[in-house]
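The values are calculated or read from the model by the stated rules, or taken from the named source; none is laboratory data. Bear in mind the structure is a predicted one, so any value in this text is a computation, not a measurement. Here the Cβ is made from the backbone with ideal geometry for all residues, glycine too, and neighbour counts use every protein chain on show.
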Amino acid sequence: MAQVAEQAQKYVGGGILRKEDPELLNGAARFIDDMSIPGMLWVSFVRSPFAHATINSVDTSRAASMPGVKGVYSGTDLADEWADGLPCAWPVTEDIKAPKHWPIAKDKARFAGDAVAVVVAETRAQAVDAAETVDVDYEPLDVVVDMEAALQDGATKVHDEFENNSSYVWNLDVGEVDQVFNDAAVVVKERYYHPRLIPNAIEPRGVICQPNPAQGEYTLYSATQIPHILKVTLALTLGLPEQKLRVVAPEVGGGFGSKLNVYAEEATCLALGRKLGVPLKWIETRSEGYLATTHGRDVIQDMEVAADENGKIVGFRANLLADMGAYLQLVTPGIPILGAFLYHGVYDCQAYSFTCTGVFTNKTPTDAYRGAGRPEATYAVERIMDALARRVRKDPVELRRLNFLEPFDEAREVITGLSFDSGNYGAALDKALDMFGYDELRAEQQRRRDAGDDKLLGIGVSTYIEMCGLAPSQVLASLRYVAGGWEAATIRCHPTGKVTVITGTSPHGQGHVTAWSQIVADELGVDFEDIEVLHGDTAISPLGMDSYGSRSLSVGGVALHYAAEKVITKARTIAAHELEVSEEDLEYSSGTFSVKGAPDKSKTIPEVAFSAWTAHNLPEGTEPGLEETHVFDPPNFTFPSGTHLCAIEVDTETGMTNILKYVAVDDCGTAINPIIIEGQVHGGIAQGIAEAMYEEAVYDENGVLMTSSMSNYRVPSAAELPTFETDRVETPSTTNPLGVKGIGEAGTIASPPAVVNATIDALLPLGIDHIDMPVSPERVWAAIRNASGSSVDARGTDATAAGSGVGSADTPGGEA
Amino acid sequence: MIPAEFDYELAESGEHALQLLEQHGDEAKLLAGGHSLLPLMKLRLATPSMLIDIGRLDDMSYISDDGDAIAIGALTRHEVVEGSDVLKEHCAIVAHTAGEIGDRQVRHFGTIGGSLAHGDPASDLPTVMLALDAQVVVRSSSGERTVAANEFFTGLFETALGPTDLLTEIRVPKLTGGWSYQKFHHRAQDWAIVGVAAVQRNGGASVALTNMGEVPLRASGVEQALASGNDAAAAAEEAAENTSPPSDPFGSADYRRALAKVLTRRALQEAMGR
């Protein structure tokens, strides 16, 4: 490590514009829907309009006679195509109930949008037209959409083979939890509902299957985050020899977790390609994606904190109900577990309890969505911190300072048994408060309250932590995740001095090509523009675990660093041989080996690469070529943290809220590219504000998705968002030699409690201390209308802290 | 977008469009900006077998001073209405409200005639036309007629237009008094959850409501209260009278009634202060 740590850093840390952007912006990049294969047929899926129904029969005869139709198949017709159901790779408990999930439903449809038949035709329009004529005889069944109702005795069962709708109960208890809570001077308990969210990647999903019948080979192009995982899992699902399957993720337009999955459409297109021997294409429509692409969150959280009378915390206790939807997709049950260790935030405590029950409902399956488990944890912790501050009559900032873990730059074990890599939570808070003008805004808030202003001001604090760098493979094993958490990188130094980097990460908007080029350019002393980064094709990059959970830099980027070290080590041997000195007599700096005391005697990495290629004069035992691969299995997670502050103005007549100021100070460890970080933070905050104020997937009592398009599922635009003021503190991670932690999800994790805390802070004089997300104008208005009118003073009164819960009067947009 | 199959004709002139309407009758739909029709076709909620494209009839895009009124060609895009100096001088509420529709892309495609002809009670311009007592000029093969705004909107997505009618022009009166359009929406690009148009005209005030019923509604209770000498705040309390607002994911009926009162007060205060 030391040999490169001393390198002059020309690129790392610099705000370098992304080299992949020109083609993405000018339309030259190739996404799935830009691709076409001669003779290609189109696929369209028939989807159940019912959330729960028995499929009595599927009559395909009329559809089969439609123009251009090449085949129409029901779930029964395709039953022999599957060696197994679609995979769930994270059975979180030994006794988890994991139903068989056939790509095309055979006997029952279990959510509105469940595929029940598939049509193959010459054109897309023909396929869609024919799909409309498939005659499915459904017998509608009772529907269960609400998690608490689903757990009642006698509730309609989503899966008949199980005794009830509970998929699993996962628990972690540390310390004398009951005793600590019983003995505590103050216990605050609230209930929070985290809305169901639709990921809305800018590019819908899509698949092309290209069979090569002569060789029995298949290439599957998919708009996916996980080409490597797809290859393994689809081989198992279809009983295909894995060595005959190549998976390619071309340019992919975002995922946010929704393309971290193994979908029915991918398996079906591959099965149809095998069955028909012709290339096939399917492109999801946005409306279809709302039903058939996994959703996120949908969690009820009962959160408790115990503290002494001054607000010094002694315990946290969280009890979750997590909506699985109708099936367990790739990592559905594990999503809450990604937050399970973080329900104490950045605060010290003596007792800790986390329990999560996974619940089946007749809704679209949930799975990873930007932040995955950590937004839920952060929201619960940071909301309850504000509630505790009110109870003990302390400023929310003061209460947080009182409970922060002290700064540490060596890994330290925390109550859950995890080791936080490094942290300095007060530093980020101080910087954020200064940028925000906290005291001035508090004074303005008081002025408005005193004047009885219709426009109240609120201030929200979120001092968050998250967990990235997924993941140490042995830890994953202990959590019953079936795959590893390593990542691979290869550096190939060409004889002409150019460099190819092959990464197992699969970027879909994050800028890996630029960041990876920066790392290699500095470590090998080659020009940034002379580095090509290849990814997303299992034939080119056979080793990889793909991109999700802010893991790419802190695992894949670190693998690249170690691969560079291996290149330098080999190059040093060759350079020493050519310069006729011992390796110890060489100094290495910025891609050049020079002889100590004789700096004009030197060899550059490109020169060594040429020598390694000609192999005319290599030391004995040295193989020709200069190419190295490293597979990195991280020894620990990374723990990004920071402070987000939000000031919100509330129009008490209409309920309209307006963000006046938003400050984010993030600690993602060492910065590789501040511009990319800035982009991730901006997008992340926007997505978190969307969650806090705008978006919710709403189902009616029949399990029909009411928010079925972007006209009523409220994705905000730039017009709704404030200017974000951002900065960073850098506490290098101790988990990896680059010191990086990850930034892809931080904004989404940090921002919802900042926004909601601010809104509630504004409304305290009206006696309001809880509103569920999304805090829409109507919910604010309804809360004001329903409020007792007695003030919940910002510095504390005896107002009760219990949340009003799901489906109560203040959630008119919620589940009926 | 994969709509159901349809045939397509490009109208060469207004006359040609009328001929095509006669020829295809109920089966045909006129396509102007497409921003209301195409989303319905995408979902196959509208499945016309013939689309008659009038979007290139540039002679139906104009804004002209016509004495007491301003004449606006039906195919004038929202963006042109928004920027019109003639309207800003003589009937600024129309220009202002056009600028509140959707987003910039929508305003460059959507037309004033299309907005009125669609008959969506959540649209902004119909409400303004109602408050202004605007006139809608309609042609068919049997001639031209003028329909008052208060007779034009007949039901949810229904208007006085027959299957062979072509809306050609909207005539709005020149305004000398103050005006306001209060559009309440959660996202900038959204339809109004509730909208209120208020104009001072003929010595009184006209007030009309967006999305408070199946058609844009005149707030006659508010107008009468004002005529009886009540101030804006008192009159605005009548805003929800005789309305039947929808309950949908954007807002409950109760919320809309409450908003109507607040927004009416604000609209009246702004109109009176302008």
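For region A:711-724: of the residues being in a loop (DSSP other than H, G, I, E, B) and within 9 Å of chain B (Cβ to nearest Cβ), which is surrounded by the most Cβ atoms within 10 Å (Cβ to Cβ)?
A:ARG714
The set of residues in region A:654-702 being surrounded by fewer than 24 Cβ atoms within 10 Å (Cβ to Cβ), assigned to a strand (DSSP E or B) and more than 14 Å from every other protein chain (Cβ to nearest Cβ) consists of A:LEU660, A:LYS661, A:VAL663. Total residues in region A:123-146 satisfying the condition of being more than 14 Å from chain B (Cβ to nearest Cβ) and assigned to a loop (DSSP other than H, G, I, E, B): the figure is 7.
Filtered by the rule that a residue be over 12 Å from A:GLU691 (Cα atoms) and within 20 Å of the chain's Cα centre (by Cα), region A:730-753 gives A:VAL740, A:LYS741, A:GLY742, A:ILE743, A:GLY744, A:GLU745, A:ALA746.
Selection within region B:96-117: residues that are within 13 Å of the chain's Cα centre (by Cα) and of a type in the set (Val, Ile, Thr). The member of this set that is farthest from B:GLY178 (Cα to Cα) is B:THR111. Within region B:263-274, restricting attention to residues that are touching a Ser or Thr at 6+ places or on another chain (Cβ under 7 Å) and crowded, with 21+ Cβ neighbours inside 10 Å, the residue that is farthest from the other protein chains (Cβ to nearest Cβ) is B:ALA271.
Rundown of residues vs (1) more than 16 Å from the chain's Cα centre (by Cα); (2) over 24 Å from B:GLY273 (Cα atoms); (3) not in a strand (DSSP E or B), yes/no style:
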| residue | (1), (2), (3) |
| --- | --- |
| B:ARG171 | no, yes, no |
| B:GLY195 | no, no, no |
| B:GLN200 | yes, no, no |
| B:ALA208 | no, no, no |
| B:MET212 | no, yes, yes |
| B:GLY221 | yes, no, yes |
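Considering only region A:51-67, how many residues are surrounded by fewer than 16 Cβ atoms within 10 Å (Cβ to Cβ) and assigned to a loop (DSSP other than H, G, I, E, B)? Number satisfying all stated conditions: 2. The set of residues from region A:691-713 being over 16 Å from A:GLU778 (Cβ atoms) and of a type outside the set (Asp, Glu) comprises A:ALA697, A:TYR699, A:ASN702, A:GLY703, A:VAL704, A:LEU705, A:SER708, A:SER709, A:MET710, A:SER711. When each of B:VAL172, B:VAL138 is tested for being in contact (Cβ under 8 Å) with a residue 60 or more places away in the chain and either farther than 30 Å from B:SER247 by Cβ or in contact with a Phe, Trp or Tyr (Cβ under 6 Å, 6 or more places away or on another chain) (or both), the lone residue that passes is B:VAL172. Quickly run through region B:231-274 and pick out the residues that are β-branched (Val, Ile, Thr) and within 12 Å of B:ALA197 (Cα to Cα). The answer is B:THR264, and nothing else. In region A:311-334, the condition of being over 28 Å from A:PRO365 (Cα atoms), modelled with pLDDT of 95 or more and out of contact with any strand residue (DSSP E or B) (no Cβ under 9 Å at 6 or more places or on another chain) is met by at least one residue. Taking residues in region A:36-50 that are in a strand (DSSP E or B), and partners anywhere that are among the polar types (S, T, N, Q), the pairs with Cβ atoms closer than 8 Å and at least 6 places apart or on different chains are A:TRP42/A:THR123; A:TRP42/A:GLN126; A:VAL43/A:THR268; A:PHE45/A:THR268.
Just to check your reading of the model, which residue among A:VAL169, A:VAL180, A:VAL188 is assigned to a helix (DSSP H, G or I), outside the structural domain of A:ASN56 (by TED's automatic domain parsing) and in contact (Cβ under 8 Å) with a residue 40 or more places away in the chain?
A:VAL180
Residue by residue, here is whether (1) buried (at least 24 other Cβ atoms within 10 Å of the Cβ); (2) touching a residue at least 40 places away in the same chain (Cβ under 8 Å); (3) closer than 24 Å to A:ILE743 by Cα; (4) of a type in the set (A, V, I, L, M) holds:
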{"residue": "A:THR366", "(1), (2), (3), (4)": "yes, yes, yes, no"}
{"residue": "A:GLY371", "(1), (2), (3), (4)": "yes, yes, yes, no"}
{"residue": "A:ARG374", "(1), (2), (3), (4)": "yes, yes, yes, no"}
{"residue": "A:ALA377", "(1), (2), (3), (4)": "yes, yes, yes, yes"}
{"residue": "A:ALA389", "(1), (2), (3), (4)": "yes, yes, no, yes"}
{"residue": "A:VAL392", "(1), (2), (3), (4)": "no, yes, no, yes"}
{"residue": "A:LEU405", "(1), (2), (3), (4)": "no, yes, yes, yes"}
{"residue": "A:ALA411", "(1), (2), (3), (4)": "no, yes, yes, yes"}
{"residue": "A:SER419", "(1), (2), (3), (4)": "no, yes, yes, no"}
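Taking A:TYR379 as the residue in question, decide whether it is in a loop (DSSP other than H, G, I, E, B), assigned by TED's automatic domain parsing to the domain that holds A:ASN424 and within 21 Å of A:ALA697 (Cβ to Cβ). No. The single condition from (1) assigned to a helix (DSSP H, G or I); (2) under 21 Å from A:GLU725 (Cα atoms) that A:GLY458 fails is (1). Contact annotation: residue pairs with Cβ atoms under 8 Å, 6 or more positions apart or on different chains, pairing a residue in region A:719-740 that is closer than 22 Å to A:LEU433 by Cβ with a partner that is surrounded by fewer than 20 Cβ atoms within 10 Å (Cβ to Cβ) and of a type in the set (Asp, Glu), are A:THR726/A:GLU678; A:THR731/A:ASP409. When B:SER244 is tested against (1) of a type in the set (Ser, Thr, Tyr); (2) part of a loop (DSSP other than H, G, I, E, B); (3) in contact with a Phe, Trp or Tyr (Cβ under 8 Å, 6 or more places away or on another chain), just one condition goes unmet, and that condition is (3). For region B:243-254, the condition of being within 11 Å of another protein chain (Cβ to nearest Cβ), crowded, with 24+ Cβ neighbours inside 10 Å and in contact (Cβ under 8 Å) with a residue 24 or more places away in the chain holds for at least one residue.
Here B:ALA188 clears all of (1) within 20 Å of the chain's Cα centre (by Cα); (2) more than 12 Å from chain A (Cβ to nearest Cβ) except the condition numbered (2).
Looking only at region B:30-53, filter to residues that are part of a loop (DSSP other than H, G, I, E, B), under 21 Å from B:ARG104 (Cα atoms) and more than 14 Å from chain A (Cβ to nearest Cβ); which one of those is modelled with the highest pLDDT? Looking at residues that are part of a loop (DSSP other than H, G, I, E, B), under 21 Å from B:ARG104 (Cα atoms) and more than 14 Å from chain A (Cβ to nearest Cβ), I get B:ALA32.
Being touching a Gly at 6+ places or on another chain (Cβ under 7 Å), within 14 Å of another protein chain (Cβ to nearest Cβ) and part of a loop (DSSP other than H, G, I, E, B) is a condition met by at least one residue of region A:280-296. Taken together, the residues in region A:627-653 that are surrounded by fewer than 24 Cβ atoms within 10 Å (Cβ to Cβ) and not in a loop (DSSP other than H, G, I, E, B) amount to 8.
Every test in (1) touching a strand residue (DSSP E or B) at 6+ places or on another chain (Cβ under 6 Å); (2) outside the structural domain of B:SER142 (by TED's automatic domain parsing) is passed by B:ILE70 save one, and that test is (2). Each residue in region B:13-29 was checked for being exposed (fewer than 13 other Cβ atoms within 10 Å of the Cβ) and either more than 29 Å from A:ALA125 (Cα to Cα) or modelled with pLDDT of 95 or more (or both), and 2 pass.
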